[in-house]
Every structure is written in structure tokens, then in C-alpha cells.
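First the structure, in the form of C-alpha cells, and then the observations on it.
Just so it is clear, none of the values below were taken in a lab; they were calculated from the coordinates. None of the values given here were measured: they were computed from a predicted structure. Glycine gets a Cβ as well: all are built from the backbone with ideal geometry, and neighbour counts include every protein chain shown.
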Amino acid sequence: MSARRAGEVVEAFGDGHLIRARRGFRPCRWAFDVARFAPARAGDRVLDLGCGVGVLLCALRQLHPDLGACVGVEIDSAEVGRAARNLDGRVVRGDVRALPVAPRAFDLVLANPPFYPAGWGRSSRGREGATHALAGDVGDFAKAAEQALSPHGRVVFVYDAGHLTTLLLAFAGAGLTVRRLRFLDDDRRRPARVLALAGRDGGGLAVERLVFKGG
């Protein structure tokens, strides 16, 4: 990993470190929950849509060091640079609505899509792109995932639990079937995020809840 630059911080992250913007959005706190939930296999080609600084791929590679090629797509040029240094790998600048990678090329597709519509609520400078749909909503992310997915590949999204219906409709609209849901509690012991596993085939739905065990 390269050294930090002006306006950046380097934080401990699992067994390694992560570079992020000092004043930017803090990377996904659920990254290792996503990595443990994802059905990753040795040699899998992995794509992260809207990867930010690469936090999901960093967590996944720590738990699964035998993965194949890992690629991130990110629209923000500064975040692309940070992700490339965090991952020491391929990060492509691009919009998920015009996906800049080959179709049907990935065995596992990850995403932490924004869940607020553009213009909703109070914005925070430098952070709204991570939470507000300024460059595509969850439906666009689901369509991009389906486009990139190999014939028997898997998709894993982490999303706001309060917007579960929106997520399910997005998957259905993209022709993806949800196979498994896992709700993640926050420190108030309320479901804050939901992890969803989907694919083009499969039947039945498993629903789980990871109960908060903090003090």
C-alpha cells in the first residue's frame, strides 16, 4: 500500500490498513460482515460496483486470499486513486450506468449502493455521493451487476434495512432472484443494514439476523 497524501488518513483495517479522505465519507463499517456473507471461492473473479476506496474488496481479499482478479469501478477520480493504492490492483473510473468492464466476466459482484434519492435531506460536502443516488440508484446497480455476472455467478449487496422493498424490486427488475437475506443490527439492536445474495437462478429464500452483541 502506498503512503498517504495530503488530505488523507491511514487507518487500521483488519490485518492491514486503509487509505481514505480525511474529510470524506467513512468507508462501510459492515465490510467484514459482507466478506463473511459472500460465497467467495478460490479463483473467483470479483467486481465491486461503486467501490469507493475499495473497502469491500480489501475485506474480501483478507478473508479469501486465493481469489482471482478483483476489479473496482468508481466514478470519483480521487477515490479511484485511493482504491488503486489500497488494493494494489485494477480500479476503473466509470459510471455503473455505462459499465466500463466486459459483460458476463465476473463470478461475484459486490455493491454498497446509495439508498437516498438525489436531493433528499441535508447534504454533507464530499459525502453525499456515497449515500445519495447522484450517479445511479439501486436499480442501476442491480442492472449493472446482472450485466457483469457470469452465467452462474452470485451478487451480494449491502443496503439500508429500512429500504428493503426497494432493493427487492431492483433485483427483480434486473432479472435476479434473491436467495438469502441477513439483517445486521446496530448498537440499538435494531436492523440497520441488510445483506442480500442473489443470482439468475435458484429457489427458496433463507432469512437470517445477526444480533448486536456489543456492550
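Bridges between two residues of the chain, per DSSP, are antiparallel at a rate of about 45%.
Ordered by packing density, taken as the mean number of other Cβ atoms within 10 Å over each peptide's residues, highest first, how do 106-112, 162-168 rank?
Peptide ranking by packing, descending: 106-112, 162-168.
Considering only Phe157, Phe141, Phe13, the Gaussian network model of the chain with Cα springs below 10 Å gives its largest mean-square fluctuation to Phe13. Within the shell of other residues whose beta carbon sits under 12 angstrom from the beta carbon of Arg200, the net charge comes to +1, with Lys and Arg scored +1 and Asp and Glu -1. Can you work out the base-10 log of I(q)/I(0) for segment 30-119 at q = 0.22 1/Å, using the Debye formula on its C-alpha atoms alone? Per q value, in the given order, log10 I(q)/I(0) is -1.10. Under 11 Å from the Cβ of Val80, count the other residues' Cβ atoms, weight Lys and Arg +1, Asp and Glu -1, and hand me the total. Cβ neighbours under 11 Å give a net charge of +1.
Largest GNM mean-square fluctuation across Gly68, Gly16, Gly94, computed for the chain with C-alpha springs under 10 Å, falls on Gly16. Modelled this way, with points 7 Å down the Cα-to-C-beta line, the labels at Arg93 and Glu208 are 3.9 nm from one another.
Full extension of the chain between Arg22 and Asp186 gives 56.6 nm of extra length, using 0.36 nm per residue less the Cα-Cα distance.
Please give the FRET efficiency for Arg200 paired with Val10, using the beta carbon to beta carbon distance and R0 = 35 Å, rounded to the nearest 0.05.
Result of the calculation: an efficiency of 0.35.
Local charge for Arg29 was computed over the other residues whose Cβ lies under 12 Å away, with Lys and Arg +1 and Asp and Glu -1, and equals -2. The calculated 222 nm mean residue ellipticity attributable to helices in the chain amounts to -6500 deg cm²/dmol, summing -39500 (n - 2.57) over DSSP H runs of n ≥ 4 and dividing by all residues. Full extension of the chain segment joining Asp66 with Ala105 gains 12.3 nm, where the gain is 0.36 nm per residue of separation less the Cα-Cα distance. Summarised in one figure, the compactness ratio Rg/Rh of the chain, Cα atoms and Kirkwood Rh, is 0.93. Between Asp48, Asp137, Asp66, the Gaussian network model of the chain with springs among Cα atoms under 10 angstrom shows the greatest mean-square fluctuation at Asp66.
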